[in-house]
Structure formats: C-alpha cells, structure tokens
Amino acid sequence: MTTVTATSAAVRSGQVLFGHPDASTAVSLLLERLRTLGSTEVELGYMDIGQHDPMPALEELAAVRRSHLYGFRLSCQTNAATAHHVGASRLRAAGIYRLDLLPGIGGPARTREDEVESTFLSDIALVGTLHEQGVGVTWLLALSGASDDEVLAVSHLLPYFHHIPPPVAMPGDQVGQGKHLSQAVEDWRRLHQPNTLTYGRGPGFVRIFDRRAVGEVVTFVTLEGPQAELFLAARTAAPAHDLALLAVGVGVPRVRRFLDVLVERRLMCRTKSGLYQSVATRRRMEERWVEGDG
Amino acid sequence: MGPRTSRAADADKRVLLVLMPWAPPVFPGLGPALLRSVLNRDGVPCDIYYANLVFSRMIEGDSFFEQHFGKFAISELAFTPYYFNSSPDEAAAGLWSHARGSARDGSLHKAERYRWLVSRAGACLEEVYASIPWGEYDIVGFSVMMQQTVPSLALARRIKREYPDIRILFGGPNCSWPMGEEILKCFPEVDFVVEGEADGVITPLIRDMRSARPVSVPGVYYRDGQGQVCRTAQGRPFGEVDTLPIPDYQPFFEQLERLGVDHVHPYLQLELSRGCCWGQKHHCSFCSLEDNLMQFRAKSEDRALAELLALAARHRYTEFFPTDSIINHRFYATLLPRIAELREREGYDFTFFFEIKSNIRREHATALRAAGVNAVQPGIESFNDHILALMDKGSTGIRQMQCLKMLAEHGIVANWNMIYRNPNELPEDYRELLSIIPFVRHLPPLHEEGLTPMLLMRFSPYFERPIDHGIRNVRPAHFYSQVFPDPSIDLGRLAFYFDYDHDDHEDQELAGYHLQLRAAIERWRRCYRENSLTQLRGPGFVTVLDSRVPEDADVPPDEEMPTKSIRIDGGRAEIFAFCDEIRGETEILRAFEGRIPPGEITGFLDEMVAARLMYRSPKGQVINLPLLLDVRERSAMMSGASSRTS
C-alpha cells in the first residue's frame with residue numbers, strides 16, 4: 001500500500017486517443033500509458049472533428065470503462081462543433097468530467113444576420129446539456145467582431161440563463177456595448193444558482209419547476225399536448241413559424257402568443273430577430289418538489 | 001332540530017368514502033381511490049372526501065405534527081374528546097407528555113401547542129361536517145388505518161346524529177379481526193365493517209346494504225336483528241390483481257387545489273404487488289403484515305407499465321410512491337429495464353421510492369437507478385448476524401453493508417432502520433455491532449427516527465407466538481386507555497401496539513449496550529461525510545481516497561477532513577477489486593491460486609481490514625468498503641448534474 005499526495009499530475013494523452021486511426025488500439029495504448037503512470041486523472045488534449053472523428057475512440061473508451069468500472073477523470077478541450085457532434089451524453093459515458101470549450105462560443109464567421117444571437121443560443125444550449133450530464137464545462141463568451149447592437153442583444157439574453165454555469169472569462173474590449181455585456185456576465189456569476197429551473201417530462205406533458213425566486217419558493221407550470229411539444233421543440237432555437245408547424249391548425253399568431261407568455265415568465269427567451277428558445281434544464285433524478293423532501 | 005332523512009331520492013344516492021386524519025396528506029389514498037374506481041366501474045356512483053387535507057390546512061402544515069407526530073399511535077388522542085366527550089385539556093396533556101418523552105430535547109415542546117392541536121382537531125371535524133352535502137349519500141365509508149379510528153368515529157357519530165338513515169361502513173387495515181369486530185361491538189355509529197381487502201366485495205356489499213336482503217358477501221361484520229355482531233364467511237385476499245381498475249386520484253388533486261393546501265407536495269401511489277414474497281416464506285419476527293394478506297400477488301409487467309403511464313398521463317405527474325411491501329424481485333430484470341428504456345427513449349423523468357429486500361447486488365442497484373428509483377426503504381434493522389437471525393430477516397450483517405454500499409454508489413437514498421431490544425439478543429451481539437459501525441461511517445446513517453426499540457405489533461410472529469420468544473404479560477400499549485377512555489371497550493381486541501415483559505428487560509448489561517448503540521449512531525451521524533471513502537479504479541491499480549472523520553475526532557459537522565490517497569497496485573489491486581461484492585476467503589484464495597501466495601493474500605486482507613478499507617465478517621466473508629467513484633458519477637450522469645444523496 002502506497003500513500004501518495006491527493007493531487008496526481010495530469011497526463012496529456014490526447015495524441016494517443018484522438019490521433020490514432022484504430023479506436024481499439026488507441027484505447028489500449030492509452031490504458032497502457034495509464035498503467036505505467038498509475039494515474040486515473042487524464043488530460044486528453046484537443047479534440048477536433050475537423051481533424052479526426054473522436055466518436056469511435058470515445059465509444060470504445062466508454063465500453064472499457066463500463067466493463068472494468070474504471071474511474072477515469074478525463075478532461076479535454078474541444079470546440080462547439082465537435083461537442084455538438086459527439087453529444088454531451090457520449091462525452092460523459094466516455095468518462096469526460098471536465099471540458100474546456102475553445103476557442104470561445106459566439107465568435108464564428110457570420111453567414112446570417114442573427115448569427116451572433118443564434119450561435120450564442122446554440123452554444124448555451126450545449127453548455128446546459130453538458131451541465132445536465134454532470135460534465136464540468138468552462139467556456140468563454142467572446143463576441144469579437146460583433147457590432148454594438150449585436151453585443152447589446154446578447155447582453156439582454158444573459159439573465160435568462162443564470163441557472164446555467166456562467167462563462168469563465170470574457171476577452172475583448174470593454175468599450176461601447178461591451179460594458180453592458182461585462183455587467184451582464186458579472187450579474188450572472190453573482191446570481192448563478194444551478195438547477196433552479198428544470199423540467200420533467202411525462203407522457204403528453206412537461207412540468208417546469210422554477211426555484212429562481214428569492215426564498216426558494218417552488219412554482220411549477222404544466223404544459224400539455226401541443227404546448228408541451230412546442231416547449232420541447234424550442235430546446236433548439238427556432239422562429240415561431242417553424243414551431244407552429246408542430247401545432248397543426250393553431251396558427252402562427254396563437255403560437256407566438258403562447259411563446260410570448262413563456263417569455264414573460266422567463267421560461268423561454270426570445271431574440272431580437274424572433275428566435276425562441278426554452279431555457280430550463282432537464283430535471284435531476286435527485287430533485288424533489290422541495291429540496292430535502294423525501 | 002330532529003334527525004334529517006337521506007331517503008328523499010334513494011335511486012340517486014351515492015356512496016361517500018372519507019379519509020380522515022392522520023392519513024398523510026402527501027398521498028392520495030390508494031385504498032379509497034381504488035374502491036371508488038371499482039364502484040364507478042360497476043355503476044355505483046362514489047365520491048371521496050379528503051378530510052386529512054382539511055386537517056393539514058387546519059394545522060397550517062406544521063411539519064412536526066404532520067411528518068412526525070402523526071406517525072405516533074397516540075396521535076389520534078387529539079380527536080378523543082370529540083367522540084368520548086372527554087376533557088380536551090387532558091387529551092392535550094397526554095399528547096404533550098408523549099411528545100416530550102420521545103423527544104431528544106423535551107423542553108422544546110410547549111403545552112400550548114398541544115392544546116392548539118386538540119382544538120384544531122375539533123375545528124377540522126366541524127368544517128368537514130359542514131362541507132359535505134350529506135343528503136346526497138346513503139352510505140359513508142371510512143378507510144381506517146392506524147391513527148384514524150377515533151377521528152372516523154367522531155365524524156361518524158356526528159353524521160348519525162343528524163342523518164340516522166345513512167349507513168356507516170368501516171374498512172381498512174385497522175378492521176382486521178378482532179379489531180374490526182370490536183369496533184362494531186363497541187361503537188353503535190358503525191353499521192358494517194369489512195375486513196381484509198375489499199376490492200372484490202365492495203360492489204355486492206353496497207348492493208346488499210341497499211337491498212332488503214341480508215348481507216351475504218364474505219368478510220363482513222354486521223349486526224343481526226337482535227343487535228348481535230355476526231360475520232359472514234371468512235374473507236379472502238383479492239387474487240387477480242391485474243383485473244383491478246386503475247385508481248383515480250382526480251378528487252384528491254381537485255380538493256388539494258380547492259382547499260389551497262399549497263404546502264402539500266404529493267407523491268402518486270402506485271400498487272404493483274400485494275403481500276410479501278419474503279414474508280410468505282419467512283415472516284420477519286416484528287412485521288405486522290397479517291398472515292392472511294402475506295400471499296404475494298404481483299401485477300404483470302405489461303399491466304404495471306400501463307398503470308404507471310396511465311397515472312402519469314392522467315395526473316401529469318412523474319413522482320411515484322409504490323405501495324408494495326417489497327419490490328417484486330422479477331422486476332429487476334423485467335419492469336425496471338422497461339421503465340429505464342422509457343426514460344432513455346421518450347425522455348420521461350419518472351422517479352420512484354420503493355421498499356426493497358436488502359439482498360441486492362450491484363446489478364440490482366444499477367437497474368433501480370436506471371429506472372429512476374432515487375430512494376428506497378431496504379429495512380436493514382441490524383448488522384449483527386444473530387440479531388438478524390432472531391428477526392428471521394434472511395440476511396447477514398455483511399449483506400446489509402453491501403446493500404448500503406451499492407445504494408450509496410448509485411446515489412440512491414436509503415431510508416433504513418435499526419431495531420434494538422429484540423427478544424433474546426445477547427450482549428456479545430452488541431459488542432460486535434458496535435465494532436462494525438466504524439467500518440460503515442462513510443455510508444449514509446439511518447434516518448433521524450430510524451433507531452427504535454422493537455415494538456410489539458398485532459399479527460407479528462412475536463405477538464402470535466409470544467412464548468416462543470420469551471414474551472409474557474402482553475397487554476395493550478399504555479396509551480390506549482387514554483385514546484379510548486371507556487372501560488367497556490376490550491382494548492386487547494382493539495389495540496394494534498402492545499406492551500410486554502421479557503427477562504431481557506431486567507438485563508442491565510443489555511440496557512447499557514442499547515445506550516452505547518444510541519451514542520455510536522449519534523457519532524456516526526456527526527462523522528458522516530458524503531463521498532468520504534471512495535475508490536478510483538485504473539488498469540492495474542486502485543486509488544482509494546480517504547477523508548473519513550476519525551472516530552474520536554471532535555470536529556464541527558460541516559468541517560471536511562484532508563484527503564489521503566492510497567494506491568494499491570498489481571495483484572493486490574486485483575484482490576481488492578475482486579472484493580467489490582461479498583467474497584468468502586476460500587473463494588478469494590482459490591481465485592488467485594498459483595498467482596499470489598495464500599499467505600500474501602491473507603496478509604493483504606488483514607492489512608485492509610485493519611485500515612477499515614475492507615470488512616471481514618465473523619464467518620470469514622470479505623467486502624471492500626470504498627464507493628466506486630466511477631459508478632457514483634455515472635449514476636449522477638443518468639440523472640443530470642451533480643449527485644446528492646441526502
């Protein structure tokens with residue numbers, strides 16, 4: 001029996017796992033390296049779909065981990081496109097418990113007028129899903145190249161997401177609307193309360209539990225039938241007319257009114273260009289009506 | 001004003017079922033809800049009134065009264081003055097005295113609070129009586145469990161006084177023989193008593209009651225023409241559980257909303273089986289489940305799943321409380337994976353609290369967790385093999401430890417109990433038990449009210465065959481004479497809880513060990529830290545992370561200890577991993593024969609036991625103790641974000 005210090009040195013093994021053409025061999029090599037080093041804490045390096053598809057290696061790693069009950073503490077860096085491609089649950093199943101999203105969300109080349117807002121929503125949804133899966137995520141809110149109007153528009157969206165982990169840093173200048181943005185991020189860090197807005201799903205309904213109010217009063221909203229479908233469909237940002245396709249015979253104006261009611265209750269956010277996105281994260285299994293119940 | 005009649009339009013009469021306090025307001029009352037569904041299915045209109053919700057509002061959702069005090073058998077004393085015309089102050093004094101006696105700090109209980117409680121009971125009866133249009137009903141049924149007899153009698157008397165034509169029917173667990181018979185003998189307000197499960201007889205009984213013909217269905221007590229209490233043929237447990245309708249909880253939710261009882265956060269009751277698959281072979285010595293109802297009857301997986309989905313869709317609810325005495329062991333391989341699949345495929349967020357037998361292995365805990373079971377009641381009751389044998393639990397101390405370990409690894413809350421003062425236990429049992437507790441201090445301790453002396457309850461083997469266990473002078477528990485202050489009542493036939501004598505009660509050494517046990521449990525609660533002993537497994541090694549609070553350390557409850565990391569390599573790591581679940585020492589030696597010398601294996605096990613990283617039972621079985629962090633985290637992953645077990 002050997003007693004060592006609590007913190008082990010991380011091992012950079014990204015090239016071993018993601019740089020090898022054969023997933024089985026890659027995982028075997030990784031295991032061999034870990035056996036030699038006697039470490040469970042592993043830094044996998046940068047994972048990029050543009051260079052190698054990490055999916056086979058991650059699936060192989062998940063299978064090995066499951067069958068041997070290995071307790072790896074894997075971390076890696078990636079970009080939003082790769083994380084979207086792999087999916088939060090697959091990352092977690094492979095044993096990735098910490099992820100750095102690089103180079104920062106919100107800064108890709110723009111092809112649409114509302115690209116900044118929609119990219120922000122897409123990536124905050126990713127952060128929310130990673131959080132649901134128990135993956136610790138660090139991310140940057142970088143809006144380089146965005147106009148003052150675009151920065152201001154994103155700033156207005158941030159208060160909807162105080163239940164989701166805030167960005168760790170926000171590079172860029174602090175002039176113009178950047179001041180609004182940095183203030184909004186600061187508020188987010190100060191007011192961040194994880195798991196205070198969640199939804200649970202059952203056959204034909206969704207129940208949203210809201211604990212964001214001061215004093216931890218629990219309120220809930222139950223949505224049924226087409227309303228529930230709209231809420232769930234809007235986990236990915238979409239305009240009202242797209243969402244209205246799910247509510248046959250209801251019509252866009254009525255769908256929009258319903259969505260706006262959810263926006264008023266801060267259960268959904270709406271961009272300047274009219275995209276709607278539901279903001280609650282999925283309910284944890286431990287969650288009860290009232291914390292401490294049961 | 002003279003008696004009012006309820007016979008104005010007999011053809012339109014309905015049945016009313018009433019659920020009185022102290023039925024917990026968080027549950028919509030499976031029994032009455034199911035009976036209502038049976039009656040409505042059979043074309044007999046039936047309503048339910050949840051008087052327990054009225055009471056909950058009356059006592060302002062007081063969490064102590066509602067969640068703790070209401071479980072005491074004496075709690076119905078709050079209603080005694082309203083049936084027996086006894087002194088409310090005396091009732092309050094009796095309740096206060098009991099509360100002080102059973103509290104850790106009796107001074108926190110104020111007499112005024114109990115006077116208020118008794119006055120609230122009276123106000124509740126008034127409001128319930130005033131709220132119901134009694135003229136619409138010709139039969140009123142009361143579902144009577146442990147603490148509902150006096151509240152039900154008090155309302156029944158009030159009804160009969162004003163509406164003598166309404167027939168009063170009592171049923172439920174507190175009406176089994178001889179309790180039900182005594183109720184009918186002693187209380188003229190009650191016209192009929194059904195014993196046992198009423199699902200198969202309720203409709204013909206109601207029809208018999210409404211006709212001129214004598215009651216003919218089995219399992220019913222009634223009065224003959226001379227006023228003598230008689231019983232029809234012996235009732236039988238309901239066998240075809242798949243044929244039962246799905247209970248309708250709509251009236252519960254409607255009344256919850258109408259009454260504005262906002263503090264009640266309900267759980268949907270779900271009945272997947274009746275009886276006990278273990279108890280029908282070995283009746284645990286202290287268990288009060290009636291032999292007649294012990295026969296295990298489980299719903300089919302298809303029916304169980306259909307009921308779950310129907311209840312969830314109807315009430316738009318995802319939190320379920322199965323009422324089963326014990327989970328059907330078959331469900332681990334059948335129903336639970338199907339629920340897990342629904343979670344995965346449809347995204348349904350169902351969660352469950354199950355009662356389980358503690359003989360689970362990792363695969364069972366995994367199946368529970370994957371299906372959304374976030375809390376269980378696994379019994380446990382002791383870690384000592386002899387005491388468990390006295391209880392006829394069919395388990396051993398090391399099995400109980402394995403159960404708690406597996407549940408903790410999977411983030412499943414275990415609401416477990418420990419029973420002391422068991423007949424014929426020995427001082428050495430406690431010496432061993434006290435020596436085991438330091439091995440399990442990283443596992444969640446039993447809940448606040450979980451340490452209890454053995455209570456002698458009707459129908460338990462201890463009650464049925466007291467002489468076999470050295471139990472003598474069995475008598476109704478002392479408080480019954482306060483709850484039922486009428487000397488003509490045979491409390492021996494009406495009571496559920498009993499006091500008794502036993503030679504062990506004179507044993508001062510045992511009494512001393514009971515106190516030591518209580519102190520050890522207190523220390524456990526103070527020292528417990530979540531995830532304070534975990535293991536991370538890698539290829540060829542195991543890393544144990546140990547931040548347990550030393551047993552004799554005087555540290556504040558929220559203070560964390562530094563983490564010590566212990567690496568175990570090579571063959572030793574393999575032995576350690578091999579002992580994730582219970583292994584016999586011979587089995588271990590055989591598994592590593594030719595690879596690791598026996599002496600080295602034994603030495604390693606000794607070393608691990610000395611460091612309390614493994615436990616070795618008196619029979620030479622071994623289990624490693626740290627929680628597999630990976631399993632823990634994967635369980636959290638299945639449910640979303642960070643894990644929490646308490």
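Computed from the coordinates by the stated procedures, all read-outs in this text should not be read as laboratory data. Note that the structure is predicted; figures quoted are calculated from it, not measured. Every residue, glycine among them, receives a Cβ derived from its backbone with ideal geometry; neighbour counts consider all protein chains shown.
Apply the Karplus parameterisation 6.51 cos²θ - 1.76 cosθ + 1.60, with θ equal to phi minus 60°, to every residue of the stretch A:61-76 and state each ³J(HN,Hα) to the nearest whole Hz, in sequence, with x for glycine and proline.
4, 4, 5, 5, 4, 5, 6, 9, 6, 5, x, 5, 10, 8, 9, 7
How far is helix A:252-264 tilted, in degrees, relative to the longest principal axis of the Cα atoms in chain A, given as a value from 0 to 90 rounded to the nearest 10?
Once rounded, one gets 70 degrees.
Which trypsin sites (Lys or Arg not before Pro) in the stretch B:269-320 pass both tests, a DSSP loop state and at most 11 other beta-carbon atoms within 10 Å?
Answer in residue order: B:LYS281.
Can you give the relative contact order of chain A as a percent, counting alpha carbon pairs under 8 Å and 6+ residues apart?
After rounding, I find 12 percent.
The stretch B:327-367: Rg/Rh from Cα coordinates, Kirkwood Rh? All intermediate terms of the calculation are to be shown ahead of the outcome.
Details: Rg = 10.7 Å, Rh = 11.0 Å.
Result: Rg/Rh = 0.97.
As I understand it, the value is the acute angle between the Cα axis of helix A:23-37 and the longest principal axis of the Cα atoms of chain A; what does it come to in degrees, rounded to 10?
The two axes meet at around 60 degrees.
In the protein assembly as shown, what is the count of Lys pairs whose alpha carbons are under 18 Å apart, counting only pairs at least 8 residues apart or on separate chains?
Working: B:LYS13/B:LYS160; B:LYS160/B:LYS185; B:LYS281/B:LYS357; B:LYS281/B:LYS393; B:LYS357/B:LYS393; B:LYS357/B:LYS405; B:LYS393/B:LYS619.
Pairs that pass both the separation and distance tests number 7.
Can you grab the distance from the C-alpha centre of the stretch B:316-337 to the C-alpha centre of the stretch A:30-67, Å, no decimals?
37
Can you put B:TRP278, B:TRP134 in order of Cβ neighbours within 10 angstrom, beginning with the fewest? List each step's numbers first, then the result.
Details: B:TRP278 22, B:TRP134 16.
With the fewest neighbours first, B:TRP278, B:TRP134 line up as B:TRP134, B:TRP278.
If you take every DSSP beta bridge fully contained in chain B, what fraction is antiparallel? Give it as a percent rounded to 5.
45
How big is the C-alpha Rg of chain B next to the rule-of-thumb value 2.2 N^0.38 Å, as a ratio?
Working: Rg = 26.8 Å, N = 646, 2.2 N^0.38 = 25.7 Å.
Compactness ratio reported: 1.04.
At 222 nm, what value in deg cm²/dmol follows for chain A if DSSP H runs of at least 4 each add -39500 (n - 2.57) and the sum is divided by all its residues, to the nearest 500?
Value at 222 nm, helices only: -11500 deg cm²/dmol.
For chain B, return all DSSP H helices satisfying: extent of Cα atoms along own axis at least 15 Å; mean Kyte-Doolittle hydropathy at least -1.0. List each step's numbers first, then the result.
Values: long enough: B:30-41 (16 Å, 0.49); B:88-102 (21 Å, -0.57); B:111-131 (30 Å, -0.18); B:149-162 (20 Å, -0.29); B:301-315 (21 Å, 0.10); B:335-346 (16 Å, -0.66); B:397-409 (18 Å, 0.07); B:508-527 (28 Å, -0.70); B:598-610 (18 Å, 0.42); B:629-639 (16 Å, -0.36).
Membrane-span-like by this criterion, though nothing is claimed about a membrane: B:30-41, B:88-102, B:111-131, B:149-162, B:301-315, B:335-346, B:397-409, B:508-527, B:598-610, B:629-639.
Among B:ASP224, B:ASP486, which comes first, then next, by fewest other beta-carbon atoms within 10 Å?
B:ASP224, B:ASP486
How compact and how long is the stretch B:533-639, expressed as Rg and Dmax of its alpha-carbon atoms in Å?
Computed over the Cα atoms of the stretch B:533-639, radius of gyration and Dmax are 15.2, 49 Å.
Taking only the alpha-carbon positions of the stretch B:442-552 and ignoring solvent, what does the Debye formula give for the base-10 log of I(q)/I(0) at q = 0.17, 0.22, 0.23 Å⁻¹?
-0.95, -1.18, -1.22
Based only on Cα atoms, what Rg/Rh ratio does the stretch A:197-282 have, Rh being taken as Kirkwood's radius? Write out the running numbers ahead of the final one.
Numbers: Rg = 12.6 Å, Rh = 13.0 Å.
With Rh from the inverse mean 1/r over Cα pairs, Rg/Rh is 0.97.
Hey, what's the Cα Rg ratio for the protein assembly as shown versus the globular rule of thumb, 2.2 N^0.38 Å?
1.05
Dimensions of the stretch B:151-224 along principal axes (Cα, Å, largest first)?
Principal extents (Cα only, largest first): 30, 27, 21 Å.
For chain A, what is the convex hull volume of the alpha-carbon atoms per residue, in Å³? Intermediate values should be presented prior to the final figure.
On the way: hull volume 52.2 nm³, N = 294.
Cα-based convex hull of chain A, divided per residue, equals 177 Å³.
In the neighborhood of A:HIS85, defined by Cβ-to-Cβ distances under 14 Å, what is the net charge if each Lys or Arg adds +1 and each Asp or Glu adds -1?
Spelling it out: positives minus negatives among the neighbours equals -3.
With an 8 Å Cα cut-off and a minimum separation of 6 or more residues, compute the relative contact order for chain B in percent.
Computed over chain B, the figure is 11 percent.
Looking at chain A as a GNM with Cα springs under 10 Å, which of A:ARG190, A:ARG98, A:ARG211 has the largest mean-square fluctuation?
Highest fluctuation among the options: A:ARG190.
Cα atoms only, the stretch B:10-239: Rg and Dmax in Å?
Spelled out, the Cα radius of gyration and Dmax of the stretch B:10-239 are 17.9, 58 Å.
So what's the back-of-envelope 222 nm ellipticity for chain B, counting only DSSP H runs of four-plus at -39500 (n - 2.57) apiece and dividing by all residues, rounded to 500?
Taken over chain B, the calculation gives -11000 deg cm²/dmol.
Using modelled amide H (1.01 Å from N, peptide plane; none on Pro or chain starts), what sits under 5 Å from the amide H of B:ASP47, excluding residues fewer than 5 places away?
Close amide H contacts, sequence-distant or interchain: B:VAL15, B:LEU16, B:LEU17.
Order these by the 10 Å Cβ neighbour count, fewest first: A:VAL206, A:VAL135, A:VAL218.
If I rank by nearby Cβ atoms, fewest first, I get A:VAL218, A:VAL135, A:VAL206.
Ratio of Rg to Rh for the stretch A:34-99, alpha carbon only, Kirkwood? Could the numbers behind the result be given before it?
Values: Rg = 11.6 Å, Rh = 12.1 Å.
Value, to two decimals: 0.96.
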